[in-house]
Structures are given as C-alpha cells and as structure tokens.
Amino acid sequence: AGLVRVVLHGTHGELRILGRVPAYRGRGLGPRLVAEGLRLLAEGGAGDVDLSVEAVNASALDLYRRFGFEVVTRTPVFALELR
C-alpha cells in the first residue's frame, strides 16, 4: 500500500521516497510511513534528516511540517515531457 526509502550517510539521513497507492489516501498511511522512516534513521544514528518535496504539494508540506520539518531552500527544477 505504501513505501518509504531512507538513506543514511554517517549521521546524516535522508527520506528519499515516500509514496502510497492512491486508494489508500486518507487512511493515515503517510504519517505512519514518515514515522517509520524517521525511526529507522534514528536507529541507524542519524542526527539530522533532509528531504525534498515539490513546493506545490501542499498536503505533503503539511505532513512533513507536522514532523518538525521546515523549508530551508527552494530549488527550481526544469523538466521536459517527452512524448
């Protein structure tokens, strides 16, 4: 129903991928995945954790803020859709 991918570099952790099947929206899976990812990183010795998220994804920003994350940088991303 969902997945979280974490990466640990010494004492620095990253939440790399957080996703869930759309049918599971609204069931509390997002917060459980974030909590599990943070638990795994803390268990591995992470002292700080970073993540990247699209700035237009307000629900994701709200979720991460509930866990104490804050926006520290904004990076423009350029993309091209191939057809």
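The values are calculated or read from the model by the stated rules, or taken from the named source; none is laboratory data. Since the structure is predicted, the reported quantities are computational estimates derived from the model, not experimental observations. Cβ coordinates were reconstructed from backbone atoms using ideal geometry, including for glycine residues, and neighbour counts include every protein chain displayed. These area figures cover heavy atoms from the full protein model, side chains too; ligands, DNA and RNA do not enter into them. Shrake-Rupley method; radii C 1.70, N 1.55, O 1.52, S 1.80 Å.
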Practice task
Write out, first by first residue and then by second, each pair whose Cβ atoms fall under 7 Å of each other, whose residues are 6+ apart or on separate chains, and whose first residue, in the range 50-78, is under 14 Å from GLU14 (Cα atoms) while the second is open to solvent by less than 60 Å² (accessible area, probe 1.4 Å) and assigned to a strand (DSSP E or B).
Solution key: ASP50/GLU14; LEU51/GLU14; LEU51/LEU15; TYR64/LEU51; PHE69/LEU51
Handout entry: Pairs with Cβ under 7 Å, 6+ apart, first in the range 30-48 and within 18 Å of LEU18 (Cα to Cα), second of a type in the set (Phe, Trp, Tyr) and outside any helix (DSSP H, G or I)
Key = VAL34/PHE67; LEU38/PHE67
